[in-house]
1. Tell me, what are the semi-axes, in whole angstrom and largest first, of the equivalent ellipsoid of the stretch 177-280 as set by the roots of 5 times the Cα gyration tensor eigenvalues?
2. Subtracting the Cα-Cα distance from 0.36 nm times the residue separation, let me have the gained length for E45 to Y22 in nm, one decimal.
3. If amide hydrogens are placed 1.01 Å from N in the peptide plane, which non-local residues have theirs closer than 5 Å to the one on L30?
4. Considering only protein heavy atoms, with the full assembly of protein chains and a 1.4 angstrom probe, order D120, D181 by accessible area, largest first.
5. What do you reckon, how do T191, T98, T29 stack up by accessible area (1.4 Å probe), largest on top?
6. How big is the Cα convex hull of the stretch 1-118 in projection, averaged over all directions, in nm²?
7. Just the number: Rg to Rh for the stretch 1-61, Cα atoms, Kirkwood Rh, two decimals.
8. What ³J(HN,Hα) values, in whole Hz, does the Karplus curve 6.51 cos²θ - 1.76 cosθ + 1.60 give for the stretch 48-59 when θ = phi - 60°, with x put for Gly and Pro?
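The values are calculated or read from the model by the stated rules, or taken from the named source; none is laboratory data. All figures in this text were calculated on a predicted structure; none of them were measured in a lab. Note that we place each Cβ from the backbone using ideal geometry, even for glycine, and neighbour counts take in every protein chain shown. Accessible surface is based on the protein model in full, side chains and every heavy atom, while ligands, DNA and RNA are left aside. Shrake-Rupley method; radii C 1.70, N 1.55, O 1.52, S 1.80 Å.
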Amino acid sequence: MIEQFINFVIRPPRADYNPDQYLWDSEFTLAGRKYKRIDLELANERGHTLKCSHYVPATVPENTPLPCVIYCHGNSGCRADANEAAVILLPSNITLFTLDFSGSGLSGGDYVSLGWHEKDDLKCVVSYLRKDKQISCIGLWGRSMGAVTSLLYGAEDPSIAGMVLDSSFANLYDLMLELVDVYKIRVPKFTVKVAVQYMRRVIQKRAKFDIMDLNVVQYAPKTFIPALFGHGSKDIFIQPHHCDRIYDAYAGDKNIIKFDGDHNSPRPQFYYDSVSIFFYNVLRPPLIPAVLDSTKLDKYYDLGGLKVGAGKNESLLYEIISSLRAVSTDKASSSSAPASVPNGSSSTKSVVELLAESVSQIAINSETDLDFLLDEEHNLREVDGDSNCTESHLPRNKLNEGQDGEECSLSSSNRESWGRCSSLGGNSDEASSSGRCTANSNPNKQHQITLKALATPLRRIRRKRSPRPKDRKFMSFNWRKSKKEKMEKGERESLTQRLRLCFLGRIHHKRAQSG
């Protein structure tokens, strides 16, 4: 029985799996974007081979390093346990690195150490990632034994950006005493401590570590890395009080989440949402726009003479073009049948023609609606695409002030995020011919600007702050001052009246004494 318990601690059932069957494919699509899995091998300080996998985007812009999270699996686990973590992290532009610890999965080694030697394996992985110029900062996500590994390593490396610690134990010796009662191992109680001491010597001889050194609580006050703790409220293998002890002693920024479930139950969605938000806040991944494939656009849409540069928001442009065609179809016919896919026939209007029609239909509320297209001197900003007119002046007297703006009916769900759709609008008769390029000289210039106005999200529009009315400030200040003066005036009148009465009383008193 004691021998079985020793094997349960340091030699659990080993995961033997096929990476191509249990891991993500070498090339896969997730949330509409393409990613790839890079398999590699590393050697730890003990000479054991570590099987690793790194999930990264298929294409990354140059000079754009991405953060990375290292997933640390639990006892009897493997790197396939990180499949759910890939779904959480990759869409946020956070790469994922996972490995089989020594003695687990397909890696070398015969024994696990529940975090003691695993922290050296983790150190090897961190050193490898530090040399990669495409990695910005590193976070840790550990579960059970992996959470202990992350805590032990985090106490030595304060450069880690953040840690998610799921179901960690506080002290291995205490855990072994609890497991004797939980699993009802038939050992007399007076001999339990003697049996644990015997197992301690056997484990130290075989796995080369002392179970008394795995006192995680003593490392918590020395660790200042932001951490998110998680634990199942019905966990009987590692009971929730272990997590509470570590959380209370932890010195860094911390938060804890308790959820229904046991040690190995699937984690709820709100827990994964919290993990995603936590890593997004501590790692600060960059925003990588979807690369626009102009050949794909030309295949489905007649762009005419309009040139679309790389790096534009493809989905947003698709929606704009589709909506413009839908509006055009609704105006041409009252039929509710869906519009057919454009096939390049002469009856299908190009995007340039659709944009030209939309210009005259979009009103502008005020001059500030076009601030994001103008520089400080009220000149049009340069847009993508070839153009002979790089500095066009927008006549300010052509803006339609006082008119009720019409919201663009591109998408009711995204209308709030886009803001009000604006264009250069207005009647061509009112425009000044001296301050701008005419439509005849460069017809696509207006459409490029209109497309930029339509496809610019609200979060990218930097509007000029309207000057604060000075009168309001002074009115408020003068009001306070006048009120204060009224109070002071009333107090002065009251004090003057009291002094007058006092003097008159003393005069009458002296006259009475002299008489």
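1. Taking √(5λ) for each eigenvalue gives 31, 19, 12 Å, largest first.
2. Contour length minus Cα-Cα distance gives 5.5 nm.
3. Y35
4. Result, largest first: D181, D120.
5. T29, T191, T98
6. Details: hull surface 33.2 nm².
Averaged projected area of the stretch 1-118's Cα convex hull equals 8.3 nm².
7. Values: Rg = 17.3 Å, Rh = 14.7 Å.
Ratio value, two decimals: 1.18.
8. Once θ is set to phi - 60°, the couplings for the stretch 48-59 become 8, 7, 10, 7, 10, 9, 10, 9, 9, x, 5, 10 Hz.
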